[in-house]
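Peer 1: Before we start, here is the structure in question, set down as structure tokens.
The values are calculated or read from the model by the stated rules, or taken from the named source; none is laboratory data. Being a predicted model, the structure only gives us computed values, none of them experimental. No Cβ is skipped: glycine too gets one built from the backbone with ideal geometry, and neighbour counts run over all protein chains shown.
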Amino acid sequence: MRWAVLGFVLCLALSMAGAAAIENNQYFTMSPNDTMGCVYVNLPQDMGVASVNSSTISIVETSSPWVKMSYSKITVDPGVLIKVPICFYPPKRTEGEYSYYSIKVYSPFTGIYEESKGGFCVSSHGDVDSGVDATNTTDICNLMNDNSDVFDVQFKEDVVYVEPGQSVVNTIYLTSYADVRVNARIETTVQNDFSQQSLPLSSDYPVAAKRITFRAPSKEGNYTVRIIGDIDNCRSCHKEAVSRIIVKSGAERRGFTASVVPKNINIKSGQTTTFRAVITNYDANTQFSVKAEGYPNTVKISPPNTSVMVDSEEEKTIKFYVTPPADSEDTYRLEFTVRSDGGQRLLEAYLSVGELFTDALREIAQDKNDVKSAQFNNEADDIFSNWKSSYDNTSYGDDLGTYDEFKNDINESKSRYTNKTRPGAAGAGNGSGGRQPVPVVGIDWTLVIIPVIIVIAVLIFVLYRKSRVVDEFQYPGTGGQNY
């Protein structure tokens, strides 16, 4: 009973402003030269709350064959942001190894519970992907080869609170630096005013924002809203994002929310890219500071620090200009730390350069390792060279069709040497850190050996017939060949 009372008190002390929880469905490459790869849990925001007003116990549980510490108990104090590394250690650091993970963050006395999942792929070609679903049997390397961050889709707030029967507003953002049209639709049981749309995006106009009004049901509970985006004639262009609407009597939005737009985006070359920190304040007028950092630090961010006054019930957007090194195909992690007297948030985003190119290199490297045929290697190099020539001379967005053709050509070539196509993103794999073996096929010796065996068997049978009479119901044995 004592713990039940404490749980009730702590629940009242939690700020009900929406807080972005740890990102779900994120997938990372890990270099073969690295001994480990890490993701970070940021508390208290990854508990799904904006802040705590008293010391609160948080439990972090991790499930993965590559993790060494699966359980952590952490005390979260008011006004303190704790960054907890979760590190993964592959048993073999070779190209194509992969593993799935899930991370649970909860407080035993408050009923707070958040879960996220993702995976790692060992690869010399760096990448971070998001917005696609996987299970613990998914080949993470194949998933990353088959998905690209040509565009990003997200909600401004991952969690919103509203009273039963009342209306609440959330915003969706779609971002792309390619010349494309993104088809966007929403799946939810909550009444809203959004209809399916096809939105044009380009390097000149990379962001589209749509405010959506939701009418909360009369029944309390948690309701899911899913935004789905895709691009016609691009099989690697699919993204999803989820927001929750928590319907609760007496719900009151306090504190502030902060999000970064986009969260994960690719550009074709090292151009300057704009990221936006969006701050919404639900308390009294407050001064906010934002610090921006990039990893590796060869990426430049301007301004590195700034501040802004945000009035009560007001939203402000701060632009940051991110410039990667010239002629560099790499992936950069960006951190934006938002601080005020009421607390702080740590926002993460990723910028990749030339992802279609690096995805193609990773796929070819893995296919060569699977097939182990010099002739296939030559065919794959020719297919890649032809596609690369077209890729270099085509504007971003117009190259998506030729990229699909390249993947089809590689898959067809591989099938001629293995009698099977490459597994899809949800294909075979046990999630324990290895790729499924693909049969190596050069000359199919069974086509030679089996006819020889048959000829020998016929000769033996003829000789056997000449040596004795066989009863019509008595037959020779079937032999001992294993199938």
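One line per residue, one yes/no per condition, for (1) surrounded by 17 or more Cβ atoms within 10 Å (Cβ to Cβ); (2) part of a strand (DSSP E or B); (3) touching a Pro at 6+ places or on another chain (Cβ under 6 Å):
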position: 96; (1), (2), (3): yes, no, no
position: 102; (1), (2), (3): no, yes, no
position: 111; (1), (2), (3): no, no, no
position: 115; (1), (2), (3): no, yes, no
position: 121; (1), (2), (3): yes, yes, no
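Peer 1: Taking residue 226 as meeting all but one of (1) surrounded by fewer than 23 Cβ atoms within 10 Å (Cβ to Cβ); (2) part of a strand (DSSP E or B); (3) in contact (Cβ under 8 Å) with a residue 60 or more places away in the chain, write down the number of the exception.
Peer 2: Single failed check for residue 226: (3).
Peer 1: Does residue 210 fit the bill of being at pLDDT 95 or above, more than 21 Å from residue 114 (Cβ to Cβ) and outside any strand (DSSP E or B)?
Peer 2: no
Peer 1: Of (1) surrounded by fewer than 19 Cβ atoms within 10 Å (Cβ to Cβ); (2) closer than 24 Å to residue 271 by Cα, residue 400 satisfies all except one. Which?
Peer 2: Among (1) surrounded by fewer than 19 Cβ atoms within 10 Å (Cβ to Cβ); (2) closer than 24 Å to residue 271 by Cα, residue 400 violates only (1).
Peer 1: Let me confirm something: among 345, 362, which residue is out of contact with any Cys (no Cβ under 8 Å at 6 or more places or on another chain) and either farther than 30 Å from residue 51 by Cα or of a type outside the set (Gly, Ala, Ser) (or both)?
Peer 2: Sole residue among the options that is out of contact with any Cys (no Cβ under 8 Å at 6 or more places or on another chain) and either farther than 30 Å from residue 51 by Cα or of a type outside the set (Gly, Ala, Ser) (or both): 345.
Peer 1: In the set 345, 362, which member is touching a strand residue (DSSP E or B) at 6+ places or on another chain (Cβ under 9 Å) and either part of a helix (DSSP H, G or I) or free of Cβ contacts under 8 Å to residues at least 60 places away in the same chain (or both)?
Peer 2: 362
Peer 1: Among the residues that make up segment 239-260, is at least one of them touching a Lys or Arg at 6+ places or on another chain (Cβ under 8 Å), crowded, with 19+ Cβ neighbours inside 10 Å, under 27 Å from residue 406 (Cβ atoms) and not assigned by TED's automatic domain parsing to the domain that holds residue 28?
Peer 2: Within segment 239-260 (the criterion being touching a Lys or Arg at 6+ places or on another chain (Cβ under 8 Å), crowded, with 19+ Cβ neighbours inside 10 Å, under 27 Å from residue 406 (Cβ atoms) and not assigned by TED's automatic domain parsing to the domain that holds residue 28), the answer is no, since none of the residues qualifies.
Peer 1: Identify the single condition in (1) in contact with a Leu (Cβ under 9 Å, 6 or more places away or on another chain); (2) among the aromatic types (Phe, Trp, Tyr); (3) modelled with pLDDT of 90 or more that residue 109 does not satisfy, given that it satisfies every other one.
Peer 2: It is condition (3) that residue 109 fails.
Peer 1: Farther than 30 Å from residue 122 by Cα, crowded, with 22+ Cβ neighbours inside 10 Å and small (Gly, Ala, Ser), is that true of residue 216?
Peer 2: yes
Peer 1: Being outside any strand (DSSP E or B) and under 22 Å from residue 261 (Cα atoms) is the filter here; which residues of segment 179-194 pass it?
Peer 2: Those that are outside any strand (DSSP E or B) and under 22 Å from residue 261 (Cα atoms): 179, 194.
Peer 1: Follow-up question, since we're still on this one. Any chance you could count how many residues in segment 365-380 are under 18 Å from residue 125 (Cα atoms) and out of contact with any Lys or Arg (no Cβ under 9 Å at 6 or more places or on another chain)?
Peer 2: Matching residues across segment 365-380 total 2.
Peer 1: Residues in segment 294-301: is at least one out of contact with any Ser or Thr (no Cβ under 7 Å at 6 or more places or on another chain) and without any contact (Cβ under 8 Å) to a residue 12 or more places away in the chain?
Peer 2: Yes, segment 294-301 has at least one match.
Peer 1: Taking only segment 339-352 into account, find how many residues are over 17 Å from residue 39 (Cα atoms) and surrounded by fewer than 23 Cβ atoms within 10 Å (Cβ to Cβ).
Peer 2: So the answer is 6.
Peer 1: Could you check segment 228-257 and list, in sequence order, the residues that are hydrophobic (A, V, I, L, M, F, W, C) and over 21 Å from residue 151 (Cα atoms)?
Peer 2: Correct list: 245, 246, 247, 251, 256.
Peer 1: Take segment 130-173 and flag every residue that is free of Cβ contacts under 8 Å to residues at least 60 places away in the same chain, assigned to a loop (DSSP other than H, G, I, E, B) and of a type outside the set (S, T, N, Q).
Peer 2: Within segment 130-173, 165 is the sole residue that qualifies.
Peer 1: Scan segment 237-259 and tell me whether some residue there is at positive phi, outside any strand (DSSP E or B), at pLDDT below 95 and not polar (S, T, N, Q).
Peer 2: For segment 237-259, residues at positive phi, outside any strand (DSSP E or B), at pLDDT below 95 and not polar (S, T, N, Q): present.
Peer 1: Only one residue in 168, 150 is farther than 18 Å from residue 366 by Cα and in contact with a Phe, Trp or Tyr (Cβ under 6 Å, 6 or more places away or on another chain). Which one?
Peer 2: From the options 168, 150, the qualifying one is 168.
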